[in-house]
1. Counting only protein heavy atoms and a 1.4 Å probe, tell me what percentage of the chain's accessible area is made up of carbon and sulfur.
2. Choose one of Leu188, Pro116, Phe205: the residue whose Cα lies farthest towards the positive end of the charge dipole of the chain (beta-carbon charges +1 Lys, Arg; -1 Asp, Glu; about the Cα centre).
3. As a test of the formula, what do you get for the chain when each DSSP H run with n ≥ 4 contributes -39,500 (n - 2.57) and the sum is divided by the residue count, at 222 nm and rounded to the nearest 500 deg cm²/dmol?
4. On C-alpha positions alone, give me the angle between the axis of helix 192-221 and the longest principal axis of the chain, in degrees, nearest 10.
5. Give me the percent relative contact order of region 134-208, please, defined on Cα pairs under 8 angstrom at least 6 residues apart.
6. Hey, if we sort Leu74, Leu90, Leu216, Leu62 by accessible area with the 1.4 Å probe, largest down, what's the order?
7. Kindly report the accessible area of the chain per residue (heavy atoms of protein chains, probe 1.4 Å, no ligands, DNA or RNA), in Å².
8. List the GluC sites (Glu not before Pro) within region 137-240 that DSSP assigns to loop and that have no more than 15 neighbouring Cβ atoms inside 10 Å.
Amino acid sequence: MAFKNVLDRTHIIQEDQGSLILDGRNTPQNISVYSFVLGAIFSASVSVGWYSETFSQLGVFLAALALFHELEYLFTALFNSNILSLDSFLINNGHQYHIAHGAAIIEFLIESYLFPNYKSIKLFYFIATVVGQFARSCAMWHAKHNFTHTIQYHKRKEHVLVTTGIYAYLRHPSYFGFYYWAAGSQLLLCNPICFIGFLVVMNKFFSERIREEERLLIKFFGNEYVEYQKRTFTWIPLIK
Ligand SMILES: C[S@@+](CC[C@H](N)C(=O)[O-])C[C@H]1O[C@@H](n2cnc3c(N)ncnc32)[C@H](O)[C@@H]1O
C-alpha cells in the first residue's frame, strides 16, 4: 500500500515555492526504467569489476555511481515522497555533471592504454568513496523531510533545523559526502587530471552553494543557525 502511494505520487514534482505541478515525464513506468537501468549497470559493473583485471577499476566506479543515484532516489522516497520525481535520482544535473563523468571515463581508458602499469586498484582510494557515500546517506537519513535536493527559498512550516546525528559533527554532511565520494572516485580510477579538475570545480560549486544556502538558513532560523554555524565545520577543504 505504501509502495502504491509512492507510485501514485511519482507524476508530481514540486517547485521551489512548494506548489505542485504535473509532469508527464514522472510516470511510474519512467521511474521503473531508471531504476532498472541503474540496477543493471550496478550488476554488470560489479561483474566486470570481478572478472576483468583491466577494467576492474571502471567496473567498481560504475557500480558506485549507479548505487549513489539509486540511494538518492531511495532516501527521497522514504522521507520526501510528496516531491518524488525522476529528478530524485539526481541524474538530471545539467551538462557539466555528465561531461565530468564522461571525461573521467575517457581519461581512464586513454591512460589504461598508454600506461597500463600505472592503473591499479588500491583499497585506500576506494575508502574515500565509501566514506563519502556513508556521510551522504547519513545526512539524508538524519535530515529526513528537511533534506531537499533543491535549495529552499521559502521556509516550509514543517522545516526544522537539524543539528543532531551527523549534523552535530559536520555542518553540510551531504556536500561533504558528495565531495569525498567524487574525489575518491577519481583516486579509484587513478585519474590525476580529473582528480584535480573535480576538486577545483567542486570547491567553486560548494563554496557558492553553501554561501547561498546559509544566507537562507539564517533567514529561516536566525540566531539558532548562527550559533550552529559557530560550533561546526564543513570539513571540506578551503570552506569553513
Ligand atoms: C541538498 S540539501 C543539503 C543539506 C546540507 N547542506 C547538507 O549538506 O547536508 C539542501 C536543503 O537542506 C536544507 N538544510 C541545510 N542544512 C540544514 C540543516 N542543518 N537543517 C535543516 N535543513 C537544512 C536547506 O534549507 C536546503 O533546502
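The values are calculated or read from the model by the stated rules, or taken from the named source; none is laboratory data. Keep in mind the model is a prediction, meaning the values are calculated, not measured. Neighbour counts are summed over all protein chains in view; Cβ atoms, including those assigned to glycine, are modelled from backbone coordinates with ideal geometry. The protein model used for the area step is the full one, side chains on, heavy atoms only, and it has no ligands, DNA or RNA in it. Shrake-Rupley method; radii C 1.70, N 1.55, O 1.52, S 1.80 Å.
1. 69 percent
2. The residue sitting farthest along the positive end of the dipole is Phe205.
3. The helix-only estimate for the chain comes to -21500 deg cm²/dmol at 222 nm.
4. Long axis of 192-221 versus the principal axis of the chain: about 10 degrees.
5. 33 percent
6. On the way: Leu74 85, Leu90 25, Leu216 5, Leu62 50 Å².
Listed by decreasing accessible area, they come as Leu74, Leu62, Leu90, Leu216.
7. Details: 13260 Å² over 240 residues.
Counting only protein heavy atoms, the per-residue value for the chain is 55 Å².
8. On the way: sites: Glu158, Glu208, Glu212, Glu213, Glu214, Glu224, Glu227; in loops: Glu158.
Within region 137-240, the qualifying GluC sites (Glu not before Pro) (loop, at most 15 other Cβ atoms within 10 Å) are Glu158.
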